[in-house]
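Structure, as structure tokens:
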Amino acid sequence: MSLANGRTYLAIPGPSAMPDRVLRAMHRAAPNIYEGEIETLAAGLVRDLKSVALTRYHCGIYIANGHGLWEAVNANLFSRGETALVMATGRFGHGWAEYARRMGITVEMLDFGLKSPADPAQLEAALRADTDRKIKAVFVTHMDTATSIRNDIPALRAAIDAAGHPALLAVDCIASLACDEFRMDDWGVDIMISASQKGLMVPPGLGFLFASDKALEAGKTADLRTPYWDWTPRLFPDYVYEYFGGTAPTHHMFGLRESLDMIAEEGLEAIWARHATLSQSLWAAFDAWSAGGHDIALNVADPALRSHSVTAARIGGGNAERLRKWLEAEAGVTLGIGLGMAEPGTPEIDSYLRVAHMGHVNAHMTLGVIASMEAGLQALGIPHGAGGVAAAAKVIARHGR
């Protein structure tokens with residue numbers, strides 16, 4: 001007999017849990033897509049997305065996932081043969097680099113592996129060595145969803161400035177926006193991309209591109225730009241359809257309107273603090289489970305370098321996959337697969353998993369995942385230290401004082 005019947009919980013790093021308010025907002029008839037309400041709705045979304053990104057600059061909306069936003073950046077900034085420098089801290093840094101290569105962009109890479117953040121000193125050295133100023137932009141993930149490494153964006157901006165290099169700073173915030181602290185203008189970011197299905201709590205399908213005036217100027221000569229990906233009409237539309245390159249994604253827009261209202265009601269700093277506490281409660285549980293030399297560990301050793309939206313971890317001997325399958329079948333909880341941590345098809349890949357705590361998530365949801373995981377460890381006989389739930393509860397209790 002399974003205990004999974006009832007409301008299931010998807011604790012993967014996107015799509016995240018969707019609030020009932022968002023789902024209800026989407027459950028309505030389609031509007032006139034040419035004028036009236038849709039015009040006000042689109043303009044308001046752009047305005048409030050900029051408030052979440054903390055930018056005064058420009059925002060474009062694409063009907064696309066995060067991979068589409070990589071292509072949008074590539075197409076609008078580069079001509080064939082121009083150079084991007086990618087700071088890779090996991091699978092998604094490599095993914096952006098591969099998209100750029102396939103579009104004819106020359107890619108230089110600084111690869112920091114699967115456990116370390118991007119090093120500002122190495123970035124500064126690479127830019128100082130670029131005496132011909134070939135590097136047009138530096139690409140980096142704010143938080144790589146595969147490794148859960150969080151990069152220090154202000155430090156990377158400072159490294160570019162210290163080198164006296166004109167390269168733009170382009171940041172992938174797909175898994176961090178409205179979860180981890182991010183300040184586009186204050187941190188000197190030229191381009192930022194994100195998507196609807198994570199911290200913004202809306203179904204997959206919308207991507208967002210934020211660009212500074214400096215980025216727009218740098219992209220004026222780009223010859224990779226195509227009609228659909230061209231950011232000019234999206235950033236400066238004369239008609240409502242230009243926001244979207246065609247028919248508006250009406251029901252995603254209704255959902256996004258509601259989610260942005262929820263974000264405004266809670267406040268960004270409160271949202272950042274909530275995500276920090278919930279992530280720390282999970283880390284405390286893993287510390288307890290790993291105590292005594294058990295083959296259980298968080299991927300990122302230093303808490304200051306960990307994402308607040310998803311946690312990557314190892315449970316050795318293939319036990320991560322065993323636990324994932326047990327949780328889905330017996331507890332109604334789905335965790336994320338280990339992504340990019342080992343070669344696909346090898347036994348080692350079964351030793352990694354990811355736990356998401358992003359977007360519409362609170363204390364009882366996170367504690368429920370932790371308790372279910374501890375039950376699974378016991379049910380499967382996976383060696384682990386005791387007291388994971390108690391350790392997590394202490395973190396939550398401290399926050400409430």
Name the pairs whose Cβ atoms lie under 7 Å apart, with the first residue in the range 273-297 and on the phi > 0 side of the Ramachandran plot, the second surrounded by fewer than 19 Cβ atoms within 10 Å (Cβ to Cβ) and at pLDDT 95 or above, and 6 or more positions between them or separate chains? Gly292/Gly385
Residues that are touching a residue at least 60 places away in the same chain (Cβ under 8 Å), part of a helix (DSSP H, G or I) and either of a type in the set (Gly, Ala, Ser) or open to solvent by less than 30 Å² (accessible area, probe 1.4 Å) (or both), drawn from the range 348-373: Ala363, Thr366, Gly368, Val369, Ile370, Met373
Look at the range 99-122 and say how many of its residues are open to solvent by 60 Å² or more (accessible area, probe 1.4 Å) and at positive phi. 0
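How many of the residues making up the range 300-332 are open to solvent by 10 Å² or more (accessible area, probe 1.4 Å) and either more than 12 Å from Leu353 (Cα to Cα) or of a type outside the set (D, E, K, R) (or both)?
Going through the range 300-332, the residues open to solvent by 10 Å² or more (accessible area, probe 1.4 Å) turn out to be 301-306, 308, 314, 317-319, 321-322, 324-326, 328-331.
Those still in the list that are either more than 12 Å from Leu353 (Cα to Cα) or of a type outside the set (D, E, K, R) (or both) too: 301-306, 308, 317-319, 326, 328-331.
Qualifying residue count, the range 300-332: 15.
Quick one: in the range 312-338, of everything that is closer than 16 Å to Thr8 by Cβ and of a type in the set (Gly, Ala, Ser), which residue is nearest to the chain's Cα centre (by Cα)? Walk me through how you get there before you give the answer.
Going residue by residue through the range 312-338, those that are closer than 16 Å to Thr8 by Cβ are 324-336.
Keeping just the survivors that are of a type in the set (Gly, Ala, Ser) gives 329, 331-332, 336.
On the way: Ala329: 27, Ala331: 26, Gly332: 24, Gly336: 14 Å.
My answer is Gly336.
Is there a residue in the range 57-66 that is without any contact (Cβ under 8 Å) to a residue 12 or more places away in the chain, open to solvent by 10 Å² or more (accessible area, probe 1.4 Å) and small (Gly, Ala, Ser)? Walk me through how you get there before you give the answer.
To start, the set of residues in the range 57-66 that are without any contact (Cβ under 8 Å) to a residue 12 or more places away in the chain comprises none.
Checked the range 57-66: no residue is without any contact (Cβ under 8 Å) to a residue 12 or more places away in the chain, open to solvent by 10 Å² or more (accessible area, probe 1.4 Å) and small (Gly, Ala, Ser).
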Can you find a residue that is open to solvent by 10 Å² or more (accessible area, probe 1.4 Å), in contact with a helix residue (DSSP H, G or I) (Cβ under 8 Å, 6 or more places away or on another chain) and in contact (Cβ under 8 Å) with a residue 24 or more places away in the chain anywhere in the range 71-83? yes
For the range 56-80: of the residues being of a type outside the set (A, V, I, L, M, F, W, C) and under 18 Å from the mean Cα position of the chain (by Cα), which is nearest to Thr247 (Cα to Cα)? Tyr62
Would you please name the residue that is farthest from Ala84 (Cα to Cα), looking only at residues in the range 134-153 that are among the charged types (D, E, K, R) and in contact with a helix residue (DSSP H, G or I) (Cβ under 8 Å, 6 or more places away or on another chain)? Arg150
Restricting attention to the range 1-56, and to residues there that are more than 30 Å from Ala312 (Cβ to Cβ), touching a residue at least 24 places away in the same chain (Cβ under 8 Å) and part of a loop (DSSP other than H, G, I, E, B), which single residue is least open to solvent (accessible area, probe 1.4 Å)? Pro31
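Give the residues of the range 374-396 that are part of a loop (DSSP other than H, G, I, E, B) and closer than 19 Å to Thr277 by Cα, sorted by residue number. Step through it out loud before you land on a result.
Filtering the range 374-396 down to residues part of a loop (DSSP other than H, G, I, E, B) leaves 381-387.
If the condition is that a residue be part of a loop (DSSP other than H, G, I, E, B) and closer than 19 Å to Thr277 by Cα, then Gly387 is the only one that fits.
Out of curiosity, is Ala125 open to solvent by less than 50 Å² (accessible area, probe 1.4 Å) and either in contact with a helix residue (DSSP H, G or I) (Cβ under 7 Å, 6 or more places away or on another chain) or in a helix (DSSP H, G or I) (or both)? Lay out the reasoning, then the answer.
Values: open to solvent by less than 50 Å² (accessible area, probe 1.4 Å): no; either in contact with a helix residue (DSSP H, G or I) (Cβ under 7 Å, 6 or more places away or on another chain) or in a helix (DSSP H, G or I) (or both): yes.
Taking the combined requirement at face value, the residue does not satisfy it.
Would you mind finding the one in Ala304, Ala342, Ala312 that is free of Cβ contacts under 8 Å to residues at least 12 places away in the same chain and closer than 24 Å to Ser194 by Cβ?
Numbers: Ala342 fails: closer than 24 Å to Ser194 by Cβ; Ala312 fails: free of Cβ contacts under 8 Å to residues at least 12 places away in the same chain.
So the residue among Ala304, Ala342, Ala312 that is free of Cβ contacts under 8 Å to residues at least 12 places away in the same chain and closer than 24 Å to Ser194 by Cβ is Ala304.
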Which condition breaks for His399 when tested against (1) assigned to a loop (DSSP other than H, G, I, E, B); (2) closer than 24 Å to Ile271 by Cβ? (1)
Between a first residue in the range 139-150 that is in a loop (DSSP other than H, G, I, E, B) and a second residue that is among the acidic types (Asp, Glu), which pairs have beta carbons less than 8 Å apart while being 6 or more apart in sequence or on different chains? His142/Asp172; His142/Asp180
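The values are calculated or read from the model by the stated rules, or taken from the named source; none is laboratory data. Computed from a predicted structure; not experimentally measured. When we count neighbours, we look across all protein chains shown, and the Cβ atoms used for this are built from the backbone with ideal geometry, even at glycine. Note: accessible area is taken over every heavy atom of the protein model, side chains too, but ligands, DNA and RNA are not part of it. Shrake-Rupley method; radii C 1.70, N 1.55, O 1.52, S 1.80 Å.
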